[in-house]
Amino acid sequence: MPYEEVQHTADWCLRVWAADLPSLFVEAARGMNALSGARQTPGLLTRRTFESAAPDPESLLVSFLSELVYAAEQEHLVFDNFKVEVDGQKVKIEMGGTPLASVDKTIKAVTYHNLHIRRTERGLEAEIVFDV
Amino acid sequence: MITIQDLTRISDHEWEIPKTFRSDMRVPVRLFATRELLEQIMGDKSLEQAVNAATLPGLVGHVVVMPDMHQGYGFPIGGVAATKFPQGVVSPGGIGYDINCGVRLLASSIEAEAAAPEMNTLANLLNKYCPSGVGVEGVVHVNVPELERVMREGARWARKNGFANETDLAHTEEGGCIEGANAAKVSDRAKARGREQIGSVGAGNHFVEVDVVEAIFDLETARAFGLYAGCLVAQIHCGSRGLGHQVCTDYVQEFQGAVRRYGIVLPDRELVCAPMDSPEGQAYLGAMRAAANFAFANRQILAHSIRRAFEETFAGKEKGWHLSQVYDICHNMGKLEIHEVDGERIKVCVHRKGATRAFGPGSPSLPPEYQQTGQPVLVPGSMGTASWVLAGTEESMLRSFGSSCHGAGRTMSRAKAKHDVRGEDLRRGLEERGIHIRAGSMSGLAEEAPQAYKDVDAVVETVTAVGIARKVARLRPLAVIKG
């Protein structure tokens, strides 16, 4: 799995890496789902498109993950299937998901704390801190 | 990396990181801690976060950090920072996602010994009437126009709707309603998240708890607060639920652009801010106050639910089952207050992120019955140890922008707590010690294990030694309801 939990005193921190930016978005979403222990209800596939524009990829990533936080809490949906297109300062993501059966713990917000998408030997890497 | 050599020791309980430590600091950082607590604090990145917070434009005095300090995001938890009004900035990250997270304390004259046979019933009823946990709805659902009234009126809305009495309002910070709330600056998403969550505890470290007043340290003040040794009290710890989280999410996103527009350079993007007198700053202040009022209403409805549980458990069996409100405090807030800085009384925005207002005797913000004592300062500990009731002092007005600690403070990461502690074992251990536990999630319970927290007594010893609060009573948990 291209993500791992990092020690954080008060909240949760996820380190995620991938070959390119679209893959980083996908793995960050999957890592966030894994961290919260989201379980899906089979069937009843929901599809939607998420689009956002921002001056930097970190803001696009926070917007995207915040969208998933909202969908989980308010619509009880968990998305795990993504087709991501990043074009400069815009992102378009085709998402597929199913109703949320349960979670172990709610992620309440996605923060910008020390969020830098940087190039490492593993490709692109970021650490994302979640408020829980 | 900050080492102990970078700190100047002021006294056994006070340290400073001078402004010269880093070129972008605008004010020094003042830390209240014993050497032992300081060493615990240095186990995470909270001091780096305090130094980062000291770079905000418009800061005055010091960034003050409390002994329960620990790592957060952007600001450290346990941080207090004051910016000069109106040109200084307001930083949503310096207030936190759970806007007006706070604590409410209700007191009874039910003797804990006599109540012991009923504690299981009481815990069950509290668990039933105070919804907690992941994705759980509150006991009151409102439409958007009514929600906007909640955001304007706070606990006064609860009073109008039969969920509060006048003493509840008088014994709530700001009377349970912060002026200047602007529901129009709260997004539709935030409103959607809040509409069905009024009267719910939520998850994380939030709880409803029944305690016994184990020890009294100041009899006169305890009487003024309505606290009696050996009697039951109830605590609520929660905030503005999804509504507040969405407000903060929206404005941290919005302020990413504001810092560019105002030429503000920061070491961490979570610290983004805008001048208070800018359109962005004004919009956030209005939305933040609306979320704060929602939180006041939320805790008020929970207080009503707790009273219902006490009535069903004790009415006709115990005298004195009525619960009177000691106080309701905010510990994630930004408030415009007047403070003396360098000999001059000025208006500042005090950001308290995991810090409690602790106004001393004579403050015009306090009701007549607390004029002599100072404000009740509520310091919940972990579910297996103790909580404290302190009183605010004049010293806190001079040294910490009228603030004190807000809890024990974490010392262990959530990941390590989950790894080291089995929730079921913890629950059994606490039950064996006579603490009734109702928890929605065993892994969530494990994350909140007492060993994940600092020694709350050491935290309280520090703030009382410094003089920013004084001891009134110590509480021991008997029943804990968590999400």
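Evaluated at q = 0.14, 0.15 Å⁻¹, the base-10 log of the normalised Debye intensity for region A:3-131, with identical point scatterers placed on the Cα atoms, takes the values -0.57, -0.66.
A simple packing score, the average count of other Cβ atoms within 10 Å per residue, orders the peptides B:226-239, B:113-126 as B:226-239, B:113-126, with the highest score first. D by Stokes-Einstein for region B:231-376, Kirkwood Rh over Cα pairs, 10 °C, 1.306 mPa s: 87 µm²/s.
A protection proxy built from the mean count of other Cβ atoms within 10 Å ranks the segments A:111-119, B:279-287, most packed first, as B:279-287, A:111-119. Within chain B, helices built from complete DSSP H runs that reach 18 Å or longer along their own axis (Cα positions) and carry a mean Kyte-Doolittle hydropathy of -1.0 or higher are B:241-261, B:279-314.
Can you give the Kirkwood hydrodynamic radius of chain B from its Cα pairs, in Å with one decimal? Across chain B, the inverse of the average 1/r is 22.1 Å.
Figure legend: label point modelled 7 angstrom from the Cα of A:D20 along Cα→Cβ; residues of region A:69-93 with amide N under 19 Å from it are A:81-93. Under 20 Å of direct C-alpha separation, and excluding same-chain neighbours fewer than eight residues apart, A:K83 reaches these lysines: A:K92.
As a rough guide to protection, the peptides B:383-392, B:138-147 ranked by mean Cβ packing within 10 Å, highest first, stand as B:383-392, B:138-147. Per residue of peptide A:107-120, the mean number of Cβ atoms on other chains within 10 Å of the residue Cβ is 6. Per-residue ellipticity at 222 nm, computed for chain B from helices alone with -39500 (n - 2.57) per DSSP H run of at least four residues, works out to -10000 deg cm²/dmol.
Database remark: amide H of B:S132 closer than 5 angstrom to the amide H of B:V201 (H placed geometrically; neighbours at sequence offset of 5 or more, or on other chains; Pro and chain starts carry no H). A quarter of the convex hull surface defined by the alpha-carbon atoms of region B:45-89 gives 2.8 nm² as the mean projection. At the listed q of 0.10, 0.11, 0.13 Å⁻¹, the Debye profile of the protein assembly as shown, built from one uniform point per Cα, gives log10 I(q)/I(0) equal to -0.82, -1.01, -1.47.
Counting, for every residue in B:245-255, the Cβ atoms of other protein chains within 10 Å of its Cβ and taking the mean gives 4. Positive end of the dipole of region A:3-131 (Cβ unit charges, origin at the Cα centre): among A:A34, A:A101, A:A10, the Cα lying farthest that way belongs to A:A101. Once you sort the root eigenvalues of the Cα gyration tensor of region B:427-483 as a ≥ b ≥ c, which label holds: rounded (a/c under 1.5), prolate (a/b larger than b/c) or oblate (the other case)? Because a/c hits 1.5 or more and a/b exceeds b/c, region B:427-483 counts as prolate.
Over the C-alpha atoms of region B:369-456, the Rg to Rh ratio, Rh being the Kirkwood estimate, stands at 1.11.
Listing B:S187, B:S413, A:S59 from fewest to most neighbouring C-beta atoms within 10 Å gives B:S187, A:S59, B:S413.
Read the figures in this text as sums done on the coordinates, not as results from a lab. The model shown is predicted, which means the values in this text are computed figures rather than measured ones. Note that each Cβ is placed from the backbone with ideal geometry, even for glycine, and that neighbours are counted across all protein chains shown.
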